[in-house]
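Reading through the structure tokens given below for one structure.
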Amino acid sequence: MERGMNKFACRYSIIRFLPYQETGEFANVGVVLMCPETGYFNFKLQTRRYGRITDFFTELDSKVYQESVKLFRFELQRLQAYAREQCADASELRKLFLSLTHPREAIIKLTEARPRLSDNPEQTLEQLFRYYVEREFATHEFRDTLVTRRVKALVDSLKLERPFKAVTLGDEFVSGHFPLVQFAGDEMVGKVIKPFALNHTEPSKIIQHGASWIDRVKRLRKKGFVPQNVLFAVEGPSANAEKCQIAFQDICNELRDEVTVVDSVDAEQISEFAAA
């Protein structure tokens, strides 16, 4: 068997940001991985795209996260240098990793070491980071949940005489779940608010997602399931993602032909629509 096809026994740990010890809530912010057989010891930390994390801990100053991660990064770099210069064999590297993952009372913690077979530790580290930290499998779903939670909390705080509630509108041919629906009467839908995350990292996904809802609203309205008073509170992609921004603006322009479109953080316009 060629050397490149060998599977090496690695150990990895997920780095977690846990600002509130009382509640135990945490966010995965990095991964550290070592391979005793090859002497590999490396890590990857979320130091740039941390909006997801600070959005989750809304009461926390973002500088707390930035400084905490910065200090922990220095510590990992020190251990990385130590491993390279002082750990002469696999057993010493294992001891170092065991010490690193030992339970501690701190704002940054590591999970217990987990095993992983890999023929390319560097590639495996990147894969683990994308899965556990960037939540590659559920990035959009996570943002969608946050947008919905934020808009719903705003609307609920208005204490309206006719409150909004989550309803699925439609029939067996076309339907849509709307987290915020207000009834004008016992059966008549008066207003609909749809928190709408279009934060995809690929322009084509923004177009596809947006177009599917444009078509859905058209069909639901044609069948009389949704009224004219429909508001989409949208969140777009990163301002630095130029192509995604172009796709986002195109879809928002098309959405405006069917519904009212506002920014998901525009509390004034959302409140005015809900309370009118």
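No lab work stands behind these numbers, since they all come straight from the coordinates. Given the structure is predicted, the values throughout are model-derived calculations rather than measurements. Using ideal geometry, Cβ is built from the backbone for each residue, glycine included, and neighbour counts are taken over all protein chains shown.
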Please give the helix 121-132 orientation as an angle from the longest Cα principal axis of the chain, in degrees from 0 to 90, rounded to the nearest 10. 30 degrees
From fewest to most C-beta neighbours within 10 Å, the residues H177, H200 line up as H177, H200
For region 143-222, what are Rg and Dmax over the alpha carbons, in angstrom? 14.0, 42
Hey, if you put +1 on the Cβ of every Lys and Arg and -1 on every Asp and Glu Cβ in region 3-132, which of P121, I107, F57 ends up farthest toward the positive end of that dipole? P121
Tell me which residues come under 5 Å, amide H to amide H, from Y40 once H is placed; ignore anything under 5 positions away on its chain. C35
Within region 183-198, whose backbone N sits under 20 Å from a point 7 Å along Cα→Cβ of N229? 183-196
Rg/Rh of the chain (Cα atoms, Kirkwood Rh), to two decimals, equals 1.10
Across 10 Å bins from the origin, how do the percents of Cα pairs in region 125-276 run, short distances first? 11, 38, 34, 13, 3, 0
With R₀ set to 35 angstrom, the calculated FRET efficiency between the beta-carbons of L71 and E268, to the nearest 0.05, is 0.35
DSSP beta bridges in the chain, what fraction antiparallel, as a percent rounded to 5? 75 percent
Can you put V265, V181, V226 in order of Cβ neighbours within 10 angstrom, beginning with the fewest? V265, V181, V226
Helix-only mean residue ellipticity at 222 nm, the chain, DSSP H runs n ≥ 4 weighted -39,500 (n - 2.57), per residue, nearest 500. What is it? -13500 deg cm²/dmol
How are the Cα pair distances of region 80-138 distributed, in percent, across 5 Å bins from 0? 4, 14, 17, 23, 26, 12, 4, 1, 0
Where a Cα-Cα gap under 13 Å defines reach, which aspartates and glutamates qualify for K109, not counting those fewer than 8 residues away within the same chain? E25, E75
By counting other Cβ atoms within 10 Å of each Cβ, how are D61, D266, D144 ranked from fewest to most? D61, D266, D144
Expected vector for region 40-45, Karplus 3J(HN,Hα) from phi with 6.51, -1.76, 1.60 and θ = phi - 60°, integer Hz, x for Gly and Pro, equals 6, 8, 8, 8, 9, 10
I'd like the orientation of helix 62-86 relative to the chain: the angle between its Cα long axis and the longest Cα principal axis, in ° from 0 to 90, rounded to 10. 30 degrees
Residue-count net charge about L79 - beta-carbon cut-off 13 Å; Lys, Arg +1, Asp, Glu -1: +1
Please give the net charge around Y12, taking every other residue with its beta carbon less than 11 angstrom from that of Y12, where Lys and Arg add +1 and Asp and Glu add -1. +3
Can you run phi through the Karplus equation (6.51, -1.76, 1.60; θ = phi - 60°) for region 163-177 and list ³J(HN,Hα) in whole Hz, with x for Gly and Pro? x, 8, 9, 6, 9, 9, 10, x, 9, 6, 9, 8, 8, x, 8
May I ask you to derive the FRET efficiency for D89 and R114 from their Cβ-Cβ distance with R0 = 22 Å, giving the value to the nearest 0.05? 0.50
Net charge contributed by nearby residues that have their C-beta within less than 12 Å of A106 (K/R +1, D/E -1): +1
Set Lys and Arg Cβ to +1 and Asp and Glu Cβ to -1, take the dipole of the chain about its Cα centre, and tell me which of V265, C244, G190 lies farthest positive. C244
Which ³J(HN,Hα) values in Hz, rounded to whole numbers, follow from the phi angles of region 223-234 under the Karplus curve 6.51 cos²θ - 1.76 cosθ + 1.60, where θ = phi - 60° and Gly and Pro get x? 8, x, 7, 10, x, 6, 7, 10, 10, 9, 8, 9
Given the pairs K70/K194; K194/K222; K7/K63; K44/K194, which are separated by over 29 angstrom at their Cα positions? K70/K194; K7/K63; K44/K194
Which whole number of Å³ per residue matches the convex hull of the alpha-carbon atoms in region 3-132? 103 Å³
Express in whole angstrom the spacing between the alpha-carbon centres of region 117-136 and region 177-213. 33 Å
